[in-house]
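Remarks on the structure that follows.
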Amino acid sequence: MQVKQGVRFKTFSPVMLWMLNALYLYSRRVSYDIVITSANDGHVLPSRHVKDEALDIRSKNIPSSDEKLRFIDIMHFMLGPYVTIILEDENKDNEHFHMQAKKGSDFPGILRP
């Protein structure tokens, strides 16, 4: 897993740590790099980025459309109902995955049995 130069993390909210952990675990299973391209940088309110509850992930280095869909499916499975994952600007220069705390949802932190 990599972080693009210039990406800024202000604080590590519980949902941010949840997303980073899932990305790290996923990155160990694939042959391409998982690259974080934005955290708390270059955004304004009401963006979840400003609240340390969103990440952008490079998608153009993922080898196929099927693999991009697989990434979304696996992230949904790993992160559960608390995180939204979408492919923004598909097939455009700015194409990327956007992950954020689901609107209207309070992230409970690490769930205990």
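Give a residue-ordered list of calculated ³J(HN,Hα) values for the range 83-91 (Karplus: 6.51 cos²θ - 1.76 cosθ + 1.60, θ = phi - 60°; whole Hz; x for Gly, Pro).
10, 9, 10, 9, 9, 8, 6, 3, 6
Pairs of Cα atoms under 8 Å, at least six residues apart: use those to get the relative contact order of the range 2-101, whole percent.
27
Considering amide H positions built from the backbone, and no H for Pro or chain starts, which residues 5 or more places from Ser59, or on another chain, come under 5 Å of its amide H?
Amide H to amide H, under 5 Å and 5 or more residues apart or across chains, Ser59 pairs with Phe97.
What are the equivalent ellipsoid semi-axes of the range 2-101, built from the alpha-carbon gyration tensor (square roots of five times its eigenvalues), in whole angstrom, biggest first?
Over the Cα atoms of the range 2-101, the ellipsoid semi-axes are 20, 15, 13 Å.
Quick note: the coordinates plus some simple rules give every number you see, no bench work behind them. Just so you know, these numbers come straight off a predicted model, no measurement behind them.
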